[in-house]
Amino acid sequence: MAETRATTGTGEQTSRPRKSSWKYIGPGIVVAATGVGAGDLVATLVAGSKFGYTLMWAAVIGCLVKISLAEAAGRWHLATGRTLFDGWRSLGAWTTVYFAIYVVVWGFIYGATAMSSSALPIVALFPDGPGLKFWAIVTGLTGLAFVWFNRYAVFEKVMTVLVGIMFVVVVYVAARVVPDVGASFAGLVPVLPDGSLLYTLGLIGGVGGTITMAAYGYWVNAKGWSNSSWMKVMRLDNRVAYLTTGIFVVAMLIVGAELLHASQLALTSGDRGLIDLGTILEDRFGPSTATLFLVGFFATSFSSLIGVWHGVSLMFADFVERFRAPADREKEHAGPAVVDRQQRSRPFRAYLLWLTFPPMTLLWLDEPFGLVIAYGVLGAFFMPFLALTLLWLLNSSRTPREWRNSWLSNGMLALAGLLFIVLCVQQVRELPW
């Protein structure tokens, strides 16, 4: 295989391109597992329960959009040798202000959400034990200790195990309900039933799409991929991850279509809807299937918790470093040594503590009205921010010419940006102003 003569943003010549291989798979699994949480499961189930297999095509398009976004984030890190936040800083001070506000407010609310979501299946599995608040605190402290004392290699292995549990459980449940194969293939034809627009947009934009998509490049560097010679490996890793996510989403749509749509059953809103599903599965297939599903529910929620605890803390550590000494960090080539240092840094650990302890207060108190609004607005704006800034960065001289966007990448990122703007407007309209 011929060597490439491309250079990174630091002027470092890249080495011989690595052959894409299954043995390297890892960061994509981590970002996909983190992005798919209990809320995504409920949203997919509800879409299946309301419209059967009709929106299957939207789930497929959603996976293609996420592949494009994650690939763009990883390509920026590998092609330039700079982190994503370094790229954002080059676009102007407004990105720093936005990220600073976002990461503080979002982390406070998300911490409580992740802990509660992880505790719900434990309470369902052990109804005579301690209550939700106790288990929420236990899962938060467990996530804190795990991320605090482990480096990326161990973190990736645990995330892979949790993804395996999620995948096996959901596919098993989908097989138990006996999918209608003909209707599944028919659902790949784009159709919009009456009242389905928002569910369609949610399926395309919601499942597997969070701030952790921006963390993908950091996990790529933590894996040891630090220049463009790893580009083929990164792309294979990303595609395998979102193919797994696609199967996962399709399986949940099947469960919603066969178990809920056919029987006209409804779920409680929010993560508690999965507890309802566990009860339905127990009535239909017995306690063993219901127990297995709750284990999968826990794996889904807890993988999101530790994924955010690790990935967003890395982003925060990078944010603080580049805010304090931007000139020094601009000369630094992003790679595993940088990530390892950031994992031991005070900002990394400070954000871990922020995700864990202050949000525990929300387990006893209703979320303050102002925080709910701020969280909703900032959250709605993040995915358009990510898609459009990547579109900007990867078409500019900041990226080596060889690795700038193709027409396909530009089309997918523009589509993602437009989609997320529509979802953003809708989410802001639905806020309790």
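We did not get these values from a lab; they are worked out from the coordinates using the rules stated. The structure presented is a predicted model; accordingly, all values stated were derived computationally and were not measured. Cβ atoms come from the backbone with ideal geometry, glycine included; neighbour counts cover every protein chain shown.
Some observations on this one:
- Going by neighbour counts of Cβ atoms within 10 Å, the residues Glu282, Glu258 line up, fewest first, as Glu282, Glu258.
- Ordered by the number of other Cβ atoms lying within 10 Å of each residue's own Cβ, fewest first, Lys157, Lys50, Lys133 fall into the sequence Lys157, Lys133, Lys50.
- Mean ellipticity per residue at 222 nm, deg cm²/dmol - from DSSP H runs of n ≥ 4 across the chain, formula -39500 (n - 2.57): -23500 deg cm²/dmol
- For the range 29-429, lysine pairs separated by 8 or more sequence positions, or belonging to different chains, with Cα-Cα distances below 27 Å total 9.
- Cα-Cα pairs of the chain separated by more than 42 Å (percent): 11
- Proxy reagent accessibility, fewest Cβ within 10 Å first, across Glu402, Glu71: Glu402, Glu71
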